[in-house]
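The values are calculated or read from the model by the stated rules, or taken from the named source; none is laboratory data. A quick note: this is a predicted structure, and the numbers were derived from the prediction, not measured. Methodologically, a virtual Cβ is constructed for each residue, glycine included, from the backbone with ideal geometry; neighbour enumeration extends over all protein chains shown. Heads up: the accessible areas ignore ligands, DNA and RNA and are worked out on the full protein's heavy atoms, side chains in. Shrake-Rupley method; radii C 1.70, N 1.55, O 1.52, S 1.80 Å.
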Amino acid sequence: MMKPYKYEIFTAEIERQIYNGILQENDRLPSVRIIKKKYKLSTSSVQSGFEYLMIKGLIRSNPRSGYFVTGIQEENIPEVKTKLPAVVRDEVFMKNMMLTSKRTSEFSSFNTAVPGDLLIPQKLILRTMQEVIREKGASLLRYYPSNGLELLRKHIAKQMGAYGCVLNPDEIIITDGALQALTIALKSVTKAGDVVAVESPCVFSVLEVLTHLELKVIEIPVHYKTGFDTEYFKTICEENKICALVTTPNFHNPTGVVMKDETKKEVLSMAETYQFCIIENDMYSDLYFEEQRPQSIKSFDKKGIVMMYSSFSKTLAPGIRLGWLYAGSFYAKSERVRFALGRTVSPVYQELVLKLLQGSSYERHLRLFRKKLSQQAVQVVEVLRNSFPEGSYFHRPKGGYSIWGQLPENTDMKRFYQYCEEHQVLFTPGNTFSFTDKYYFHFRVIFTERITSESIVLLKNAGAKAKELQF
């Protein structure tokens, strides 16, 4: 709290009397000598107090006569009546955002692709954050390098190198999450009106970034067996000038599919032939359920045409907004775009993640995280397959967060979603994953929340309702 000025002991009283009407306009105030004696102040303090009251316009000084009240002057403030148009909100956007982020309770939310409370290592994160704050102190309040903490970038490169993906830490940019990394990558290699290819189905947030950047989009089907329709994509490349391909080859969201290594190499070869950039989303690769992490497309890249991005929000906690982009040969443009989006990423988050990567706690957490995710995936898939109508299909994932489901085409999907909404069973409808209506009978199920007997009952009831809605 700021220390009060000495003169305030008398100016506050004079102000109160003026505002309450005790002192009226043209009333003479006590002299400097009287105020000085009454409040035991110095001459300079009293004069400073009178100057303060004059600045506020409450008193005036008459030479050789003293100080007088000027009265409270009413300001002549013009009344401005501006009619503003109503704020128009994009209802489709708002609906889709709610369908992918709304959360009701732990046991009924199957729609939000973030770690649930069961999977977030709260004690580890909070304890490490306290250590960081204690060790770094006020330095956390200053700007950090715009491309991110050097040691953090080196540890990310070291971690990726262990998986056979060689990255130069000087070409890594730390970002405010994965979507910012994607935005930087796209702005580095495209301009409004350019054509970008994306996997279909494609997560809603990626479609929104593409829309915001005014890019033209061509959707390329994802196949359960190979992970990507290369034949269709080749035709698209021959007929269009593709500037970039945005892809999630490992544990694709929403299908959970892994692109085969042969397909990854074929896509990379097409990028070389047709001269477009691959922007690879590697966010889910650490969440594998089998023996080893799948290879990235970047690990096969010898020409420097693959940018890669990831985030720690999927493996630690959604509130930790820290991602990274490997820009490679596109670094110079990406660095400028990153700077234009903000001077620096949160120092606390950078130091937190660095400290976790420096020790063994992060890898230990990932092992437990993968084990629990795998158990829940098996449990949820079995309930879905046994509860929904004959002819339904639910793809069993080998990693990540998503189960992609499809109901028979004689299902009344409108009534099905109405039932789910009324009973607070939150799935994400398939139509949010495409600019088309190709996935009308599909929906995504996320299994990151705690699976309880209550949540299983909700899934079984939704399946029973779907059986009733066949026509």
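Observations
- Meets criteria (touching a Pro at 6+ places or on another chain (Cβ under 8 Å) and either assigned to a helix (DSSP H, G or I) or open to solvent by less than 30 Å² (accessible area, probe 1.4 Å) (or both)) for P397: no
- Index of the failed condition, P318 passing every other in (1) outside any loop (DSSP other than H, G, I, E, B); (2) open to solvent by 10 Å² or more (accessible area, probe 1.4 Å): (1)
- Positions within segment 224-233 being surrounded by 15 or more Cβ atoms within 10 Å (Cβ to Cβ) and either over 25 Å from I403 (Cα atoms) or of a type in the set (V, I, T) (or both), in sequence order: T226, T230
- Flag for Y417 being within 27 Å of L207 (Cα to Cα), in a loop (DSSP other than H, G, I, E, B), modelled with pLDDT of 90 or more and among the hydroxyl-bearing types (S, T, Y): no
- If you go through segment 279-315 and keep only what is of a type in the set (D, E, K, R) and open to solvent by less than 10 Å² (accessible area, probe 1.4 Å), you end up with E280, D282.
- The residues listed here are Y39, Y7, Y52; of these, the one that is of a type in the set (F, W, Y), modelled with pLDDT of 80 or more and in contact with a Gly (Cβ under 6 Å, 6 or more places away or on another chain) is Y7.
- Positions within segment 184-210 being assigned to a helix (DSSP H, G or I), farther than 30 Å from Y224 by Cα and either among the aromatic types (F, W, Y) or open to solvent by 30 Å² or more (accessible area, probe 1.4 Å) (or both), in sequence order: K187
- Failed condition for G430, given (1) at pLDDT 95 or above; (2) under 19 Å from T248 (Cβ atoms): (1)
- Candidates S188, S205, filtered to the one that is modelled with pLDDT of 95 or more, under 22 Å from the mean Cα position of the chain (by Cα) and not aromatic (F, W, Y): S188
- Selected residue (criterion: surrounded by the most Cβ atoms within 10 Å (Cβ to Cβ)) from residues of segment 437-451 that are at pLDDT below 90 and among the β-branched types (V, I, T): T448
- Output for segment 364-385, where each listed residue is under 21 Å from G319 (Cα atoms) and open to solvent by less than 60 Å² (accessible area, probe 1.4 Å): H365, L366, F369, R370, L373
- Listed by first and then second residue, the pairs with beta-carbon distance under 7 Å, at least 6 apart or on different chains, first residue in segment 326-345 and farther than 15 Å from I174 by Cβ and open to solvent by 80 Å² or more (accessible area, probe 1.4 Å), second modelled with pLDDT of 95 or more and in a helix (DSSP H, G or I), are K333/S188.
- D117 vs. criteria at pLDDT below 90, open to solvent by 70 Å² or more (accessible area, probe 1.4 Å), more than 24 Å from L325 (Cβ to Cβ) and under 19 Å from the mean Cα position of the chain (by Cα): yes
- Just so you know, in segment 249-278 the residues that are of a type in the set (G, A, S) and open to solvent by less than 10 Å² (accessible area, probe 1.4 Å) include one that is farthest from V198 (Cα to Cα), and it is G256.
Matching residues to (1) part of a helix (DSSP H, G or I); (2) in contact (Cβ under 8 Å) with a residue 60 or more places away in the chain; (3) under 27 Å from the mean Cα position of the chain (by Cα):
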{"residue": "Y362", "(1), (2), (3)": "yes, no, yes"}
{"residue": "L373", "(1), (2), (3)": "yes, yes, yes"}
{"residue": "Q376", "(1), (2), (3)": "yes, yes, yes"}
{"residue": "V380", "(1), (2), (3)": "yes, yes, yes"}
{"residue": "R385", "(1), (2), (3)": "yes, no, no"}
{"residue": "P389", "(1), (2), (3)": "no, yes, no"}
